[in-house]
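**Q** To start, I am sharing the structure in question, which I have written as structure tokens.
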């Protein structure tokens with residue numbers, strides 16, 4: 001672990017600062033939007049715009065990197081992010097915010113692709129899995145830390161918008177001064193969506209649904225808080241609880257994933273997420289909402305990684321990289337729709353529409369997972385790929401690195417089994 005940290009600390013530090021900036025602006029915009037008198041529907045459009053840009057960035061950034069290189073792409077996109085973050089309080093118009101959010105989403109997606117390329121290059125096969133775990137912890141930790149930064153200023157002023165801009169600008173230094181140039185991206189022939197659906201219907205449907213869940217949590221949780229009359233500190237704690245749950249429950253769910261039929265875990269996690277969302281509606285008090293946020297976040301992030309692992313169980317290793325880009329595209333399409341539908345429900349029936357939307361998605365995924373379990377038998381546990389903790393914000397680079405890490409672990413396990421069998425004989 002220390003060797004992995006020594007190799008990647010500068011990159012991880014830079015990504016931590018970037019995630020603090022991203023996490024802070026997401027929560028801050030919802031609070032500032034309420035102060036400026038934006039409607040719930042207008043805020044849902046603003047939040048959805050981020051995922052429109054994010055989807056476009058995940059598709060176009062590899063071509064930009066092939067054309068001008070990683071360093072130029074990273075520096076250019078980072079500069080745009082820093083500039084956009086301080087424009088929000090100067091142009092308090094929902095249409096302008098939508099356009100700025102599209103640009104922000106595009107740039108952050110490109111930054112993730114570039115940073116994850118460097119991360120994958122900086123590590124070896126032996127420590128790739130540990131590096132991905134550290135990367136996930138840094139991402140989640142940055143978003144959680146951002147909620148604490150929110151308490152240091154006045155959302156109606158300019159300072160809280162300047163802080164993430166400065167953090168993003170500072171984050172370039174450790175990354176650009178320490179990383180080694182990475183090779184030009186190799187083009188991967190994508191797998192057709194219909195072909196991928198035939199291979200893993202649950203994986204495709206599940207990724208679309210989880211995309212909606214994740215974007216609703218990332219984009220609309222703070223909007224729910226403002227509409228519910230929470231204080232700024234309560235909104236901060238609520239948003240933080242979502243990501244703390246996602247971080248703490250990754251390990252136990254991942255451990256179980258490698259030892260049983262993953263469809264049962266997907267079913268159980270979906271039902272748990274749905275019941276937690278309903279509990280936030282039924283049970284009185286802020287603490288019930290806080291606990292619901294912890295469980296909903298704790299179920300949604302691991303379920304994303306579960307669906308990737310489940311899909312890879314039905315793919316040849318050579319096809320996994322091609323499929324990863326399509327899975328991310330499906331997630332992105334679902335993510336664009338998440339804030340829109342959640343915002344429409346909240347506009348019609350009030351803040352509780354947020355948790356109603358989450359419950360509907362989780363129950364839908366649980367029902368489909370249960371039905372798919374009746375359509376074909378489970379893959380034997382000893383023939384499945386290892387679970388790798390990965391977030392919905394990750395790029396195809398991180399997903400392919402997780403695939404490589406899982407393949408390496410499987411090979412190591414097979415060698416160990418063969419040696420043990422040799423010793424017995």
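The values are calculated or read from the model by the stated rules, or taken from the named source; none is laboratory data. If you're wondering where the values come from, they're calculated on a predicted model, not measured in any experiment. With ideal geometry, Cβ positions are generated from the backbone for all residues, glycine too; neighbour counts draw on all protein chains shown.
**Q** Among the residues of region 343-374 satisfying the criterion of being touching a residue at least 40 places away in the same chain (Cβ under 8 Å) and not in a helix (DSSP H, G or I), which is nearest to residue 220 (Cα to Cα)?
**A** Selected residue: 351.
**Q** Show the residue pairs that are 6+ apart or on different chains and have beta-carbon atoms under 7 Å apart, the first residue being within region 298-324 and without any contact (Cβ under 8 Å) to a residue 60 or more places away in the chain, the second being crowded, with 22+ Cβ neighbours inside 10 Å.
**A** 298/245; 298/246
**Q** Sticking with this structure for a sec: Give me the residue from region 278-290 that is under 13 Å from residue 235 (Cα atoms) and touching a residue at least 24 places away in the same chain (Cβ under 8 Å) and, out of that set, surrounded by the most Cβ atoms within 10 Å (Cβ to Cβ). Step through it out loud before you land on a result.
**A** So the first thing to find is which residues in region 278-290 are under 13 Å from residue 235 (Cα atoms), and the list is 286-287, 289-290.
Within this subset, residues satisfying the condition of being touching a residue at least 24 places away in the same chain (Cβ under 8 Å) are 286, 289-290.
Numbers: 286: 13, 289: 23, 290: 16.
Residue satisfying both the conditions and the ranking: 289.
**Q** Now for a different question. What number of residues in region 133-166 are without any contact (Cβ under 8 Å) to a residue 40 or more places away in the chain and in a loop (DSSP other than H, G, I, E, B)?
**A** Qualifying residue count, region 133-166: 2.
**Q** I've got another one for you. Is it the case, given these coordinates, that residue 277 is modelled with pLDDT of 95 or more and closer than 24 Å to residue 29 by Cα?
**A** Numbers: modelled with pLDDT of 95 or more: yes; closer than 24 Å to residue 29 by Cα: yes.
When the stated conditions are applied, residue 277 passes them.
**Q** Within region 171-218, can you find the residues that are at pLDDT below 90, under 23 Å from the mean Cα position of the chain (by Cα), surrounded by fewer than 19 Cβ atoms within 10 Å (Cβ to Cβ) and over 17 Å from residue 116 (Cβ atoms)?
**A** Within region 171-218, 190, 193 meet the criteria.
**Q** Does residue 99 meet the test of being out of contact with any helix residue (DSSP H, G or I) (no Cβ under 6 Å at 6 or more places or on another chain) and either within 16 Å of residue 26 (Cβ to Cβ) or modelled with pLDDT of 90 or more (or both)? First the steps, then the outcome.
**A** Working: out of contact with any helix residue (DSSP H, G or I) (no Cβ under 6 Å at 6 or more places or on another chain): yes; either within 16 Å of residue 26 (Cβ to Cβ) or modelled with pLDDT of 90 or more (or both): yes.
When the stated conditions are applied, residue 99 passes them.
**Q** Return the only residue of 407, 421 being in a helix (DSSP H, G or I), touching a helix residue (DSSP H, G or I) at 6+ places or on another chain (Cβ under 7 Å) and either within 30 Å of residue 112 (Cβ to Cβ) or modelled with pLDDT under 65 (or both).
**A** Values: 421 fails: touching a helix residue (DSSP H, G or I) at 6+ places or on another chain (Cβ under 7 Å).
Every option except 407 fails the conditions.
**Q** Still on this model: Let me confirm something: among 6, 22, which residue is under 27 Å from residue 131 (Cβ atoms), assigned to a helix (DSSP H, G or I), at pLDDT below 90 and out of contact with any helix residue (DSSP H, G or I) (no Cβ under 9 Å at 6 or more places or on another chain)?
**A** On the way: 22 fails: out of contact with any helix residue (DSSP H, G or I) (no Cβ under 9 Å at 6 or more places or on another chain).
Answer to the check: 6.
**Q** Name the single residue that is nearest to residue 146 (Cα to Cα) among those in region 225-245 being touching a residue at least 40 places away in the same chain (Cβ under 8 Å) and outside any helix (DSSP H, G or I). Lay out the reasoning, then the answer.
**A** Step one: of region 225-245, the residues touching a residue at least 40 places away in the same chain (Cβ under 8 Å) are 225-228, 230, 232-245.
Imposing the further condition that a residue be outside any helix (DSSP H, G or I) reduces the set to 228, 230.
Values: 228: 21, 230: 18 Å.
It comes out as 230.
**Q** Yes or no: residue 78 under 18 Å from the mean Cα position of the chain (by Cα) and in a helix (DSSP H, G or I)? Talk me through it step by step, then tell me what you get.
**A** Numbers: under 18 Å from the mean Cα position of the chain (by Cα): no; in a helix (DSSP H, G or I): yes.
Judged against the criteria, residue 78 is not a match.
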